[in-house]
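Here is the structure we will look at.
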Amino acid sequence: MTHELRTRVTQPSELRLTIRPGAVATADGTSQAYDVTLHDETGRPRYRAQAVRAKRSPTPPVADLPRLGSGRPVTYYEDGTLFHGPSLRGITEVLDSGERMVLAAQLADQRMASGAWHAPAYTPVLADLLLQAVLVWAREHRGEAVLPTAVGEVELIAELPDGEPFLLVVDGVAETSSGFRCTVTACAPDGRVLQRFRDVEAVPSPGLGAKFRSAAADRS
C-alpha cells in the first residue's frame, strides 16, 4: 500500500511524499521498514530515506575523549569554514584536531516552523552540528570546502542537550570517488553516545570556499 501527502513549499513549488512499507533483514531477524521518497513537481526524486523499526543493541561509550575546556576556541564561523548564521553557530572548541577529530558544541535549540521538523530525540537545529563537524574536518585535513550529500544511517539514542555542552567526534574517514565518507558521533562529555550519523558523504565543489567566506562575512 502507498500513502501520499502533498505539501506546498516555496522551492520547489510542490513536494510529494511517498511512504512504502516493507521489511528489511536485521541482526535480530526481519524488521519492519519504510521507504520514504520526496519528489518535486516534475516527478524528480529530491530525497530518499529508509526508516527501520528494530531493537537497538546497547551502545558502548566513546573512549579516550579530551575534557571540555582543554582545546582552542574556533573561528570557523568567521573564516569561511562554516557559513551558518548566529542561531546555528554551536561548535565552540577544537579539543583534538587529529584524524579522529573531537569538537565541543553548545547551542540553544530553536523550534523552526513551530516544531514541525522536530521528532522524538531529534531536533534539526542541534542535529545540524553533526554535519557542520564534517565541514570542519574537511577544512582542517584537506583544505577544502565541502557539502554533505548523504547520510547512510542515523542512530537517535538520546536527545541532544538544549543549551548544554556535548562533544562531536568525526572518525572512520574513507575516500570515495567524489570526496570522502565518515562517521560523526555526538556524545556527552563522559562518552555516553547520544546520536550517531554513519556513512556521511561529503563532496567538494570548485568555488565553494569563496561562497562560504562571502556568506560568513554577510552574517557576521
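Summary table below
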| read-out | value |
| --- | --- |
| Residue within segment 170-182 that is closer than 24 Å to Pro58 by Cβ, surrounded by 14 or more Cβ atoms within 10 Å (Cβ to Cβ) and free of Cβ contacts under 8 Å to residues at least 60 places away in the same chain present | yes |
| Filter pass, Leu129 being surrounded by 15 or more Cβ atoms within 10 Å (Cβ to Cβ), modelled with pLDDT of 95 or more, on the phi < 0 side of the Ramachandran plot and assigned by TED's automatic domain parsing to the domain that holds Gly191 | yes |
| Hits in segment 85-110 (condition: over 15 Å from Trp137 (Cα atoms) and touching a helix residue (DSSP H, G or I) at 6+ places or on another chain (Cβ under 8 Å)) | Gly85, Pro86, Ser87, Leu88, Gly90, Leu107, Asp109, Gln110 |
| Filter pass, Val200 being assigned to a strand (DSSP E or B) and in contact with a Phe, Trp or Tyr (Cβ under 6 Å, 6 or more places away or on another chain) | no |
| Residue identified as farther than 19 Å from Leu88 by Cβ, modelled with pLDDT of 90 or more, assigned by TED's automatic domain parsing to the domain that holds Arg89 and not β-branched (Val, Ile, Thr) among Gly207, Gly191, Gly163 | Gly191 |
| Matching option when the condition is more than 26 Å from Val125 (Cβ to Cβ) and either among the aliphatic types (A, V, I, L, M) or exposed (fewer than 12 other Cβ atoms within 10 Å of the Cβ) (or both), among Asp64, Asp35 | Asp64 |
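Residues are listed down the side, and each one gets a yes or a no for (1) touching an Asp or Glu at 6+ places or on another chain (Cβ under 7 Å); (2) at positive phi; (3) among the hydroxyl-bearing types (Ser, Thr, Tyr):
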| site | (1), (2), (3) |
| --- | --- |
| Tyr34 | no, no, yes |
| Leu38 | no, no, no |
| Thr42 | no, no, yes |
| Ala51 | no, no, no |
| Ser57 | no, no, yes |
| Gly71 | yes, no, no |
| Leu88 | yes, no, no |
| Ala108 | yes, no, no |
| Ser114 | no, yes, yes |
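The values are calculated or read from the model by the stated rules, or taken from the named source; none is laboratory data. Since the model is a prediction, treat every value here as computed from it, not as a measurement. Neighbour counts are summed over all protein chains in view; Cβ atoms, including those assigned to glycine, are modelled from backbone coordinates with ideal geometry.
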